[in-house]
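Asks: Structure incoming, see below.
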Amino acid sequence: MPFDVRQFIDDRPVSRYQLAVVAMCALVVFVDGFDAQAMGYVAPALSAGMKIPRAVLGSVISSGLVGMMIGALVSGPLADRFGRRPVLIGCTLVFGLGSLLTAAAQSVEVLAAFRALTGLGMGGAMPNAIALTSEYMPRRRRGTAVTMMICGFSLGAAVGGFVAAAIIPRFGWQSVFVVGGAAPLLIAGAALVWLPDSIRFLLVSGKHDDRVRASLVRIAPGTVLPPHLSVTDDETEHQHGFAVARLFAGRRAVGTVLIWIVYFMNLLNLYFLNSWLPTIISDADLPVATAIRLTALFQVGGIGGAIVLGTLLDRRFSFWVLAGSSLWAAVFVVLIGRSGASPLLLGLTIAGAGLGIIGGQNASHALSAAFYPVAIRSTGVGWALGIGRIGSIAGPVLGGLLLARGTPIAQVFWAASIPALIAGAAAAGIALVGRGDPE
């Protein structure tokens, strides 16, 4: 009989080995988050030091996001073909190197090129960390595991704010990218030694039986395994054909389109706020260091949102949870624009917006990973992130244009609430009609 590794994992307590896999993935997305948010934190100092106008700075920020889009689109199919582990480690090495090179940039053109290279690695790391975590955890803990692992991204971005505020005045904006480059290289080396590949991917690929057995025994020591390991039919039925086309096979077409809308709108909002909050707050006559620390609360709120939404997903694994978080986000985005120059009100509303936007984004990773079968999981998550990156590219550019035109701040944040409402409507649509093959 076929060996049902999914049932094997679901029926057993979570082991230290599985937690170690999740922790290693969290470390990767931690440094991913640090590097992804770095441009937002250094923007005021970089703009002043290199005399870069805001509209041009928005395009520099977006160059990294273009790289992230391409990285996400390419890495998913590669990982579904060659494995999550090698692609994840390779991407970490790429964005570490790109960040170190960014610190040496002397012109806007070179800066944009190095940020694009950094983005290639960052965009490819995330979908594979999500897929690997999802495939190692039992269903009853998958929502919490994925959202908490992705908290590493928010934590890295938040820590980046405090690090940037401490070291930019002493060592300049370049120091942020030196830190953001050295850490990924160290973590990639550790992952090369300790991180395993997905058991389910290895089984679907029909190779590496010894590696599969070693991982299964580490999950449940003393288990007697059958002499021949093979996967159940539902794991292999979609292996043939172009991976991206299979995202639209059967009943998945509507769900895939709606997932892409959720990612596009949410990442547009997330990167608009990540990129421009420090500048908007400093324009309200608050010190730059205060503006950076307040922006870091956006990530802190996101961590709280991941905890809350992950718990809700473990109880009810549904896109309705995501729809509710999007509505929450829309309300708090509007309230940011009504907070004036009050650090207290700004802190509360920014953290509240982070809970809905970043927490909701984390929840969408868990839900979309479960929406697709193993053979196309990295492709599904990678393409959702890749399409979402188009929104993340548009967000900083639109923000720069609105601010350059002198749009009142309250109106800027009213406009920013619209994508959250659209994302919520799309999530509700998935819950109603977009059912694919969730596990």
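The values are calculated or read from the model by the stated rules, or taken from the named source; none is laboratory data. Because the structure is a prediction, the values reported are computed rather than measured. Cβ coordinates were reconstructed from backbone atoms using ideal geometry, including for glycine residues, and neighbour counts include every protein chain displayed. Heavy atoms of the whole protein, side chains included, go into the accessibility calculation; ligands, DNA and RNA do not. Shrake-Rupley method; radii C 1.70, N 1.55, O 1.52, S 1.80 Å.
Asks: Could you run through region 102-114 and say how many residues are open to solvent by 10 Å² or more (accessible area, probe 1.4 Å) and either among the basic types (K, R) or not in a helix (DSSP H, G or I) (or both)? Quick ask: steps written out before the conclusion?
Replies: From region 102-114, those open to solvent by 10 Å² or more (accessible area, probe 1.4 Å) are 103-104, 106-110, 112-114; that's our starting set.
With either among the basic types (K, R) or not in a helix (DSSP H, G or I) (or both) added as a condition, the list becomes 103-104, 106-107.
Of the residues in region 102-114, 4 are open to solvent by 10 Å² or more (accessible area, probe 1.4 Å) and either among the basic types (K, R) or not in a helix (DSSP H, G or I) (or both).
Asks: Then there's this: Residues to consider are P13, P77; find the one that is outside any helix (DSSP H, G or I) and surrounded by fewer than 22 Cβ atoms within 10 Å (Cβ to Cβ). First the steps, then the outcome.
Replies: Working: P77 fails: outside any helix (DSSP H, G or I).
Result of the check over P13, P77: P13.
Asks: Please specify each residue of region 37-57 satisfying the condition of being open to solvent by less than 20 Å² (accessible area, probe 1.4 Å) and under 24 Å from L155 (Cα atoms).
Replies: If the condition is that a residue be open to solvent by less than 20 Å² (accessible area, probe 1.4 Å) and under 24 Å from L155 (Cα atoms), then Q37, A38, M39, G40, Y41, V42, A43, L46 are the ones that fit.
Asks: Can you tell me which of G156, G143, G124, G160 is within 17 Å of I89 (Cβ to Cβ) and either β-branched (V, I, T) or within 16 Å of the chain's Cα centre (by Cα) (or both)?
Replies: Only one candidate passes the filter, namely G124.
Asks: Give region 62-74 a look and list any residue that's open to solvent by less than 50 Å² (accessible area, probe 1.4 Å) and under 28 Å from M148 (Cβ atoms), or say none.
Replies: Matches in region 62-74: G64, L65, G67, M68, M69, G71, A72, L73.
Asks: Here's something else I'd like to know. Quick test for you: out of T349, T379, pick the one residue that is modelled with pLDDT of 85 or more and in contact with an Asp or Glu (Cβ under 6 Å, 6 or more places away or on another chain).
Replies: T379
Asks: Give the residues of region 283-302 that are touching a Ser or Thr at 6+ places or on another chain (Cβ under 8 Å), open to solvent by less than 10 Å² (accessible area, probe 1.4 Å) and under 22 Å from S59 (Cα atoms), sorted by residue number.
Replies: A291
Okay, residues lined up against (1) part of a helix (DSSP H, G or I); (2) open to solvent by less than 30 Å² (accessible area, probe 1.4 Å):
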site	(1), (2)
V244	yes, yes
A249	no, no
L258	yes, no
L270	yes, yes
L277	yes, yes
I281	yes, yes
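Asks: Looking only at region 116-161, count every residue that is in a helix (DSSP H, G or I), surrounded by fewer than 23 Cβ atoms within 10 Å (Cβ to Cβ) and touching a residue at least 60 places away in the same chain (Cβ under 8 Å) and tell me the total.
Replies: Qualifying residue count for the region: 7.
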